[in-house]
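Taking it in order: structure first as structure tokens, then the write-up.
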Amino acid sequence: MRELPANPMLYQVNTRVLMRAMGEILGRPATLDDLPDEALAHLRALGVDWVWMLGVWRTDAAGRAISRTNPAWQAQFHEALSDLREEDITGSPFAIAGYDTEPAFGGDAALARLRERLHAHDLRLMLDFVPNHMAPDHPWVSENPALFVRGTQEDLDREPLNWIRVGDTVFAHGRDPYFPGWCDTVQLDYANPDTIAAMSAQLLRIADRCDGVRCDVAMLLLPDVFERTWSAELAGRSVLPFWPEAIARAKAAHPAFRLMAEVYWGLDGRLLADGFDWAYDKALYDALRDGEAGHVRDLLARDQAEQKRMARFLENHDEQRAASVFPWPKHAAAALLCFAVPGLRFLHQGQLEGLRVHIPIHLDRGPEEPVDETVLHFYRRLLSVLSEAALRDGTFASVQPGPAWDGNPSHQRFVSALWRGPDAETVLLVVNFGPDRGQCRLHAGLGDGPLTLDDRMGPESYVRDGAELERDGLFIDLPGWGFNLFAVH
């Protein structure tokens, strides 16, 4: 396979939803072998480098039963599917009963064949690693209960949302420090060295079968976070770091193996220091969602090497659909500032088509929705530009917008940056990230002599004098949420 670009693209697939939809077309249950090569070639043509197949691993009866009976979840399921049926509720893919491929999808042999086919299309396979917890019917729960956080009947009586009885033992549900437990899971005990060893070995086995993993709630394993969450149950036991050694072992066996951390609370830097290749950029998502142009500008002014390790997204299986959160044309402006910048460009199944209904991860079916042709046309054009060398492997520097004239503060809503490609290509990104028309001037050092600025996202084309731009700045006038992505010749 070809070498990864500096700023690769990842496409997330909900495997269960995909297999269900394909099965309905085929008139029989679909397996990973049924995923057509044409679909893989299409992803590659879009510029995708990684395919994350969410929900490949086996889940069993316990998780499904909890998902089908938990009253707190039913309203979400009915909101997504007005014609919800019990068979649509297949359980959470994060309540893993075993790290082997779901038999209905063809098992491990079909997964291995899919990986080979992805490689034939220069695509890499990313799978899930859920290190914090497991399903109540994972074999370890009965065979080696000491690997999990255990409690008493008093704990279960006092906090029934945080504890579960399995056989003769009371176990804690997996959780974070701020919310009740995930009631379809059992919490692993990272104060136990045997748990650390077992899960490190598990990561190594996963690394044998894919090219990278997305690590669920990775920050929960940081020692201070784990100790804060489980202080009462630790009884003075210390928690050792998990990630540095586990990642080093996986990469020693597979040097090209890559890891992406799901991380919140501003802890992304710590996980990157522990060895992760990418970490969720929740701060950028929040700033884009909230329309905070100044915060976006600050985030994109950070060191490029740091930015290249951030996973940038507008939606995923946890967040609501971008088309429902970002009204048009704010959606387009946010997409430019999310994807036409350094980092792992993280797209979600259905995002390019402008789908609006968030499908809960417990379901294997979503509603039928029409494609939003405006959104689809925009993304097709954007992805075409993102596939070019300047934006995949170039250098990136933010450009500070200045006022267009005294007394006009609208430049404060602008975000601008300059890409320079490996063959001296120059691309200027400028976005008016606010609802009202605004103006600014940019001193971007575009060069001397006559310059042509061709908008790669629209029909605009201008000829300007480089010396004049250096002296006065490039004048930009854009409507609310307007943008340009100028190729400068």
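The values are calculated or read from the model by the stated rules, or taken from the named source; none is laboratory data. Not measured: the values here are computed from a predicted model. Because the Cβ atoms are built from the backbone with ideal geometry, glycine has one as well, and the counts that use them run over all protein chains shown.
From the list Asp189, Asp224, Asp194, the lone residue that is closer than 17 Å to Arg150 by Cβ, of a type in the set (D, E, K, R), at pLDDT 95 or above and surrounded by fewer than 19 Cβ atoms within 10 Å (Cβ to Cβ) is Asp194.
Which one of His377, His358 is over 21 Å from the mean Cα position of the chain (by Cα) and outside the structural domain of Ile476 (by TED's automatic domain parsing)? Don't jump to the end; show me each part of the working.
Numbers: His358 fails: over 21 Å from the mean Cα position of the chain (by Cα).
Exactly one of His377, His358 is over 21 Å from the mean Cα position of the chain (by Cα) and outside the structural domain of Ile476 (by TED's automatic domain parsing), namely His377.
No other residue among Gly236, Gly275 is more than 24 Å from the chain's Cα centre (by Cα) and at positive phi apart from Gly236.
Scanning the range 438-489 for residues that are within 32 Å of the chain's Cα centre (by Cα) and of a type in the set (Lys, Arg) turns up just one, Arg456.
Can you find, within the range 242-272, the residue that is farthest from the chain's Cα centre (by Cα) among those that are free of Cβ contacts under 8 Å to residues at least 40 places away in the same chain and surrounded by fewer than 19 Cβ atoms within 10 Å (Cβ to Cβ)? Among them, the one singled out is Ala252.
Here is the figure for the range 31-48: residues that are surrounded by fewer than 22 Cβ atoms within 10 Å (Cβ to Cβ) and either without any contact (Cβ under 8 Å) to a residue 24 or more places away in the chain or closer than 30 Å to Pro422 by Cα (or both) total 12. For the range 114-137, the criterion of a residue being of a type in the set (Asp, Glu), in the same structural domain as Thr31 (by TED's automatic domain parsing), more than 30 Å from Arg2 (Cα to Cα) and modelled with pLDDT of 95 or more is satisfied by at least one position.
Only residues that are basic (Lys, Arg), within 20 Å of Leu271 (Cβ to Cβ) and in contact (Cβ under 8 Å) with a residue 40 or more places away in the chain were counted across the range 292-312, and they come to 1. Exactly one residue out of Asp281, Asp364 is over 19 Å from Leu18 (Cα atoms), in contact with a helix residue (DSSP H, G or I) (Cβ under 9 Å, 6 or more places away or on another chain) and not hydroxyl-bearing (Ser, Thr, Tyr), and it is Asp281. The residues in the range 313-346 that are part of a strand (DSSP E or B), under 13 Å from Tyr285 (Cα atoms) and either free of Cβ contacts under 8 Å to residues at least 60 places away in the same chain or hydrophobic (A, V, I, L, M, F, W, C) (or both) can be counted, and the count is 2. Among the residues of the range 18-30, those identified as part of a helix (DSSP H, G or I), farther than 30 Å from Val385 by Cα and in contact (Cβ under 8 Å) with a residue 12 or more places away in the chain are Met19, Arg20, Ala21, Met22.
Pairs are defined by a Cβ separation below 7 Å, a sequence spacing of at least 6 or placement on different chains, a first member in the range 445-470 that is more than 28 Å from Ser384 (Cα to Cα), and a second member that is modelled with pLDDT under 90; the pairs so defined are Ala467/Asp448. Look at the range 407-422: where a residue is farther than 23 Å from Asp290 by Cα and a partner is among the charged types (D, E, K, R) and not in a strand (DSSP E or B), sitting 6+ places away or on another chain with Cβ atoms under 7 Å, you get Pro422/Asp393.
Conditions tested, residue by residue: (1) touching a Pro at 6+ places or on another chain (Cβ under 9 Å); (2) at pLDDT below 95; (3) in a strand (DSSP E or B).
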position	(1), (2), (3)
Ala41	no, no, no
Val48	yes, no, no
Met53	no, no, yes
Ile66	yes, no, no
Ala72	no, yes, no
Phe77	yes, no, no
Leu84	no, no, no
Pro93	no, no, no
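Output yes when any residue across the range 277-292 is among the charged types (D, E, K, R), modelled with pLDDT of 95 or more, outside any loop (DSSP other than H, G, I, E, B) and surrounded by fewer than 16 Cβ atoms within 10 Å (Cβ to Cβ), and no when none is.
yes
Taking first residues from the range 99-116 that are within 19 Å of Leu26 (Cβ to Cβ) and partners that are hydroxyl-bearing (Ser, Thr, Tyr) and in a helix (DSSP H, G or I), the Cβ contacts under 9 Å between residues at least 6 apart in sequence or on separate chains come to Glu102/Thr15; Phe105/Thr15. Just one of (1) in contact with a helix residue (DSSP H, G or I) (Cβ under 9 Å, 6 or more places away or on another chain); (2) buried (at least 19 other Cβ atoms within 10 Å of the Cβ); (3) more than 20 Å from Cys338 (Cβ to Cβ) fails for Val17. It is (1). Where strands (runs of 3 or more DSSP E) sit wholly within the range 392-442, none has at least 2 residues that are of a type in the set (Lys, Arg) and at pLDDT 95 or above.
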